1. Any idea what diffusion coefficient segment 109-249 gets from Stokes-Einstein, in µm²/s, Kirkwood Rh on alpha carbon pairs, 10 °C, 1.306 mPa s?
2. Can you list the residues, at least 5 places off or on another chain, whose amide H is less than 5 Å from the amide H of Val49, using H built in the peptide plane?
3. Packing-wise, with mean Cβ within 10 Å as the measure, how do 385-395, 232-242, 81-91, 312-322 rank, highest first?
4. Which FRET efficiency, nearest 0.05, do Asp337 and Lys195 yield, Cβ-Cβ r, R0 35 Å?
5. For the charge dipole of segment 58-464, defined by +1 on Lys and Arg C-beta atoms and -1 on Asp and Glu C-beta atoms about the Cα centroid, which residue among Ile300, Gln249, Ser154 has the Cα displaced farthest towards the positive pole?
6. For every other residue with a beta carbon closer than 15 angstrom to the beta carbon of Trp100, add +1 if it is Lys or Arg and -1 if Asp or Glu, then tell me the sum.
7. Sort 214-227, 147-160 by packing, meaning the average of other beta carbons within 10 Å per residue, with the highest value first.
8. Net charge near Gln89, counting Lys/Arg +1 and Asp/Glu -1 over other residues with Cβ under 14 Å of its Cβ?
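No value in this document is a laboratory result; all are computed from the given coordinates. Fair warning: this is a prediction, and the values are worked out from it, not measured in the lab. Methodologically, a virtual Cβ is constructed for each residue, glycine included, from the backbone with ideal geometry; neighbour enumeration extends over all protein chains shown.
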Amino acid sequence: MEERIRERSRLNDSQQENGAQTNRYSSISPPASPGAQEEPSSTYFEERVPIPESANQIFSFRKLWAFTGPGFLMSIAYLDPGNIESDLQSGAIAGFKLLWVLLGATIIGLLLQRLAARLGVVTGMHLAEVCNRQYPTVPRNILWLMVELAIIGSDMQEVIGCAIALNLLSVGRIPLWAGVLITITDTFVFLFLDKYGLRKLEAFFGFLITVMALSFGYEYVLVKPDQGELLKGMFLPSCADCGPVELEQAVGIVGAVIMPHNIYLHSALVKSREVDRKNKKEVKEANKYFFIESAIALFISFLINVFVVAVFAQAFYNKTNMEVNAECNATGSPHTDLFPLNNDTLEVDIYKGGVVLGCFFGPAALYIWAIGILAAGQSSTMTGTYSGQFVMEGFLNLSCSRFARVLLTRSIAIVPTLLVAIFKDAQHLTGMNDFLNVLQSILLPFALIPILTFTSLTSIMNDFANGL
């Protein structure tokens, strides 16, 4: 008995000694809630990508390739159907005048994504986990509910975007509600691709981004926008004669580009790389390569967004319903009734945008547009589901099976989406998407304040805390 007591005492002493050996470059204040874990079971990290050694200390393409992946998955949120709809409405309503807002929002988004990646690399925890440790119960729960609301709003746009794309590709044979159910099903299938390897999953997302770039790039080449007006709108911030509609569109652009849940997502995705957080040099190097990768990914997403704005600015700015009706009638389009016989300015959404492209530039333009929307919706639905899982795991310390987590997070967002799809048709969703884009802007502080706070605290970030 005495020997057993001595053995237990030695074990306790050993555990205390191990607990005291905290890592200087990953220290964080004690948990704010009991049961918080350093590395909870997560959906995405059953494997970690090793980083190769390199003789070149300044820059290595091999290392950049090893770090490439999380930034492109993050950039999907900058290309979701809500973004695409905001882009085409911006072009149709304000021409090239709001491109500078898109550019500014993307640059600010890059800075915020950099902070998110640094938090994940330095602490080994994503933003939701740090919120769980640092905030008391009431503000933590309010924060979680607000982020969930942002995820639901974004997911509604993404799933309905997929459903609209399927409706266009099937020439109306697949109704909106059926498209939503198809999207839910195939999202479940695609979400388990990471079982075949993390890099294969990232390659699949890269393929979807390529499809978007080719689809919307085709429309850009087809329409041939005025390059002088495009550059002027991008680099000369102004909005002459802008009314309430244009100002609402500008706010919608910011909300569509900088999504609150995407900051939570990116801070989690960077944990998929093998980085020794005890080694300050490795942490610094990881921050550098993640920033370069994010900049490349967001530059590509910015170009795709510009393609869409420019196409609708060049072809449909100041167009009236009467003009579009006449063109659709002349080409024998079955959708002529979408555009009433009046001289009101044309209003477009994802659905009408595809129809209008088909009327003016032929059926190929419509179908290629729909393929791009399908790729945007499918990819963003998957990353949105990952966001929901990370947020729920981090804030609530969930310890359930992966399938149960996917089912739970999917259900929270899908139920309201399905209701909208049942009671609305594809032609009457413009107001909902405008509202959801503005909602993202309103909810942005619930990601902005935590990420700025935590990355500025030396107690969390040590030598990597933000400067002035």
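1. For these conditions, the coefficient is 80 µm²/s.
2. Arg273, Glu274
3. 81-91, 385-395, 312-322, 232-242
4. 0.15
5. Working it through, the farthest residue towards the positive pole turns out to be Ile300.
6. -1
7. Those peptides, ordered most packed to least, come out 147-160, 214-227.
8. Counting the neighbours of Gln89, the net charge comes to -4.
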